[in-house]
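What follows is one structure encoded as structure tokens, with my remarks underneath.
The values are calculated or read from the model by the stated rules, or taken from the named source; none is laboratory data. Predicted, not measured: the structure shown is a model, and the values here were computed from it. Cβ: placed from backbone, ideal geometry, glycine included. Neighbour counts: every protein chain shown. SASA here: full protein model, heavy atoms, side chains in, ligands and nucleic acids out. Shrake-Rupley method; radii C 1.70, N 1.55, O 1.52, S 1.80 Å.
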Amino acid sequence: MGGNKKVYIKTYGCQMNQNDSERMLGMLGELGYQQQDQPYDADLIIVNTCSIRERAEDKLFSKLGELRDIKALKPEMVIGVAGCVAQNMGERIRKRAPYVDMVFGTENIHHLPQLLNQVTETREPVVSVVPFTDELPPDMPVLRQGKHSAWITAIYGCNDRCTYCIVPSVRGDQKSRPIDDLVKEAERVVAEGFVEVVLLGQNINGYGKDLEPRVGLGDLIDAVARIPGVKRVRWLTGHPRDLDEALLQKMSAHENVCDHFHIPIQAGANDVLRQMARGYTREKYMAKVELIRRYYPDAGITTDLIVGFPGETEEQFQETIEVVREVRFTGVNTAAYSARPGTYAAKREDQVPEDVKDRRLVELNQVVNEVAMQVSRAMVGSVQEILVEGPSSKDPSVFQGRTKNNRIVFFPGEAAMEGQLIQVRITDARPWTLRGEALAAVPSV
Ligand code: SAM
Ligand code: SF4
């Protein structure tokens, strides 16, 4: 057992991965491991990996290079690699980095305590990557890294097969957790003092399609929003194809459900969207945006965009730029297309040259910033309800909070405001953040 041992965990990638790390820390906590924020004197180091783009994978091996030097000074240290790259590469990770002691995939995180025990007892490396099954993983303790906001994974895996994406092969098919389980977890987090619940899934709009009886995301949100003490409910990531009016009806029935919609469009040109197998056109996407704004005129709509998908022409790229101006996104994750092994798009011969992708990315980012600045400026003078997250990292007298539509606001605040919903007036704008001043505190829901 761990006694008072120390664990350092480095997490790459999306909120799902971060939530997986919270589960690993939860299990390790029960074994007596304390979390460290530096690797140097840790007894156990885990790198929880992301394989969404080649660069994300490269980060693993450069991190492992650093860790090799630390392990050279402390040979009894255990190094583990988990997550999407582990699921994909398995044994091949140890071929490139033989000093790694433990490799385990996304499907068997709950085996971590046994695997660790095996490594520490035998001092032999262990690689354990299991095939995907229909079974949900067992409940695991969770050491949450947020202070007021708790992530809850509602769906594991993804049933889509977007032609550029490696996720289904490293996370398996969609498995929704039953509403009752999720409500119990949400009740637990409220009892622990969290006030915001964020429901996670790769395509959270597909929630419940695989359950019997079939339910929808709206049903889940409805159940979670009713839990006493839940001041806010959020969800991500949305899939534009599956977002429907039934969801908006259920959401808008609750004051504590936030009007933030992360609905990645990926590209603006219909031909590209078809080749990506996204299941919607630009026009259908715009109809979803309109639908959202009918229910929530000030909704925060954020997206992901890929430039340089194979065969993407300059004209098609310009359609992506047009969409950014048309929707007026409040946040955008942009990326150059990265060929992922085993995907259809990676096999195409019409790959876009790297320098063209780079140039398109720079141009897109400029427009994204320009639009974000316009959207932020339009909020100056408005009064927003924010959930206060805590002091900013740079100045302890400046606090940070988030509007319902997911805009970050900095304002002069005090410790008593943390975890509270308060009203602020927006006084100044940056592209991605706002400045404000606190008005009166609002009563909690
Ligand atoms: N499930 C979500 C969806 O369908 O939009 C997001 C999943 S993925 C973890 C997050 C983002 O990574 C995607 O929205 C996409 O923009 C980006 N991405 C996925 N595969 C990519 C690739 N091969 N190259 C570049 N970006 C990619
Ligand atoms: Fe990947 Fe598409 Fe699934 Fe998102 S919906 S995880 S982009 S396959």
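Unpaired Cys in the chain, meaning no second Cys C-beta under 4.7 Å: 14, 50, 84, 158, 258.
So for 217, 143, what's the accessible-area order with a 1.4 Å probe, most first? Could the numbers behind the result be given before it?
Values: 217 10, 143 75 Å².
The residues order as 143, 217, largest area first.
At a probe radius of 1.4 angstrom, the accessible area of the stretch 1-154 per residue rounds to 47 square angstrom.
The GNM of the chain, with springs linking C-alpha atoms under 10 angstrom apart, assigns the highest mean-square fluctuation among 391, 75, 412 to 75. Relative to one another, the C-alpha centroids of the stretch 365-401 and the stretch 301-334 are positioned 23 Å apart.
When ligands, DNA and RNA are left out and all protein chains stay put, how many square angstrom of accessible area per residue does the stretch 194-237 have with a 1.4 Å probe? Please report the intermediate quantities before stating the final value.
Working: 1400 Å² over 44 residues.
Counting only protein heavy atoms, the per-residue value for the stretch 194-237 is 32 Å².
Here the accessible area is traced with a 1.4 Å probe on the protein chains. For the chain, carbon and sulfur cover 49 percent of it.
Given +1 at the Cβ of Lys and Arg, -1 at the Cβ of Asp and Glu and no other charges, the dipole of the stretch 1-75 around its Cα centre is 120 debye to the nearest 20.
Give, rounded to the nearest 20 debye, the magnitude of the charge dipole that the chain has about its Cα centre when Lys and Arg contribute +1 at Cβ and Asp and Glu contribute -1 at Cβ. Don't jump to the answer; show the numbers that get you there.
On the way: 55 positive and 62 negative charges, 67 e Å.
Magnitude of the dipole: close to 320 debye.
Here the stretch 300-445 is treated as a Stokes sphere of Kirkwood radius computed over C-alpha pairs; at 10 °C and 1.306 mPa s its diffusion coefficient rounds to 92 µm²/s. For a straight C-alpha distance cut-off of 20 angstrom, the lysines reachable from residue 404 (same-chain residues fewer than eight places away being disregarded) are 147, 231, 250, 288. Taking the chain as a Gaussian network of alpha-carbon nodes connected by springs under 10 Å, the highest mean-square fluctuation of the residues 334, 153, 106 belongs to 334. Which one of 19, 77, 146 is farthest out on the positive end of the charge dipole of the chain, using unit charges on Cβ (Lys, Arg +1; Asp, Glu -1) and the Cα centre as origin? Towards the positive end, the residue furthest out is 77. Relative to its Kirkwood radius, the Cα radius of gyration of the chain gives an Rg/Rh of 0.96.
What ranking, highest mean first, results for peptides 127-140, 372-385 when packing means the other Cβ atoms within 10 Å averaged over each residue? List each step's numbers first, then the result.
Numbers: 127-140: 13.1, 372-385: 15.6.
The peptides rank, most packed first, as 372-385, 127-140.
The stretch 10-33 and the stretch 135-207 have Cα centres separated by 13 Å. Beta bridges from DSSP with both residues in the chain: antiparallel share about 35 percent, rounded to the nearest 5.
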